[in-house]
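Here is the structure we will look at.
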Amino acid sequence: MQIKQLPACYICKLNIEKIITLIPFTITKNFIMKKIISSVFSCFIALSVFGQTNTFPSTGNAGVGTLSPSCWFAGKVFEIKDTRPIFKFNSTVQYSTLYFTNTAIGINHYGEFHVNHNYNAATPDQSRLIFNSYPVQNILTISSNGKVGIGTANPDQNARLSVDGKILAEELQIVVDVPADYVFDQTYRLMPLLQVSHYIKENNHLPNIPSATEIQSKGWVVGEMSNKLLEKIEELTLYMIQLKDENEELKKENMEILERLKKLELK
C-alpha cells in the first residue's frame, strides 16, 4: 500500500497518537516514528529558513525582513526591511484605496483621508492618484501623464499644474523666452502717440494688449501679460524721453526768442 505523506506543518499540529491512527495497522511502529521525525524535522527547517526574518504577532509590531520592527515615535508599526522595500496594491477592478481614519470619527467621516488609485482602462496614461478627505474632496490629483491638479480631479491636459482656487505665495518666478527689453533696441518701431490715440479710440485698449473680452475668455497669462505690461512701461519711458527732448528744444527756442526781444528793446 502506498502511503501519502502529510504536510509538515500539519503533522506539527498533531500528536503522535493521532498520527498513528491515520496510518494502516500493517505499517510497523518504527516506520511510523521515522515518518513523524522526518516531518517534524522538515517543519523545523522550514520555520528556521523562511520565518527567521518575519514577525506577525497577534499584538504589537509586525515586520517583514526584520524581527524587531520599530518606530522612533509611539504606536504600532508595520515595517518592511530590504534593500528596496515594496508595498504593492494590485487591484482587480478600477480602484485601490489607502484609508486613514480614527476610532473617534463619527458617521459623517469628517477627518478621514483616502488616497485612491483610479485606473483608466480606456486611456491608461490618464490614470490618477487622488487624495481625498472629508468633507473636502479632490485635495490633490496626480495623473500618470504628469499633470497635477489641486482642488480638481481633472487637471487640464494643456498644463502641468491646475489649481481650482486661490494661491498664496511669498514669491513667484516666471521665466520669459523674450524679455521686453527689445523695446530699447534701435530697430524697434515705436508707434507715434497720435497713432496710439487713434488706436485707443477705435479699439478701446492699448496696442498689443488683449481686450477685456479676450482676457475674460482666455484668462490672464501671467508670464505673457507681465512681459506686455513691461513693454508698455518701456514704451512710456521712451515717450517721456521724447517729450523731454522736445521740451528742452522748446526751451532753447524760447531763450533765443527772449534774447532777440531784449536786443530789440535796447535799440
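List of remarks:
- Residue pairs whose Cβ atoms lie under 6 Å apart, sitting 6 or more positions apart in sequence or on different chains, and linking a residue in the range 57-69 that is farther than 19 Å from Phe87 by Cβ to a partner that is β-branched (Val, Ile, Thr) and surrounded by fewer than 16 Cβ atoms within 10 Å (Cβ to Cβ), do not occur here.
- From Ile80, Ile32, Ile36, residue being hydrophobic (A, V, I, L, M, F, W, C), surrounded by 13 or more Cβ atoms within 10 Å (Cβ to Cβ) and modelled with pLDDT of 75 or more: Ile80
- Residue in the range 231-267 that is nearest to Asp177 (Cα to Cα), counting only those that are assigned to a helix (DSSP H, G or I) and among the basic types (Lys, Arg): Lys232
Residues checked against (1) surrounded by 15 or more Cβ atoms within 10 Å (Cβ to Cβ); (2) farther than 30 Å from Gly219 by Cβ:
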{"position": "Asn90", "(1), (2)": "no, yes"}
{"position": "Thr97", "(1), (2)": "no, yes"}
{"position": "Ser144", "(1), (2)": "yes, no"}
{"position": "Asn154", "(1), (2)": "no, no"}
{"position": "Asn158", "(1), (2)": "no, no"}
{"position": "Ser162", "(1), (2)": "yes, no"}
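- Residues in the range 113-140 that are part of a strand (DSSP E or B) and of a type in the set (Val, Ile, Thr) were compared, and the one that is nearest to Thr152 (Cα to Cα) is Ile130.
- Subset of the range 99-120 that is of a type in the set (S, T, N, Q) and surrounded by 11 or more Cβ atoms within 10 Å (Cβ to Cβ) - its residue that is farthest from Pro135 (Cα to Cα): Asn120
- Of Val196, Val178, all but one fail to be in contact (Cβ under 8 Å) with a residue 40 or more places away in the chain, of a type outside the set (Lys, Arg) and farther than 30 Å from Thr141 by Cβ; the exception is Val178.
- Within this structure, Asp156 passes the test of being acidic (Asp, Glu) and not assigned by TED's automatic domain parsing to the domain that holds Gln242.
- Scanning the range 177-193 for residues being under 44 Å from the mean Cα position of the chain (by Cα) and not aromatic (Phe, Trp, Tyr) gives a total of 7.
The values are calculated or read from the model by the stated rules, or taken from the named source; none is laboratory data. Model, not experiment: these values are computed from the prediction. Ideal geometry is used to build each Cβ from the backbone, glycine not excepted, and the neighbour counts take in all protein chains shown.
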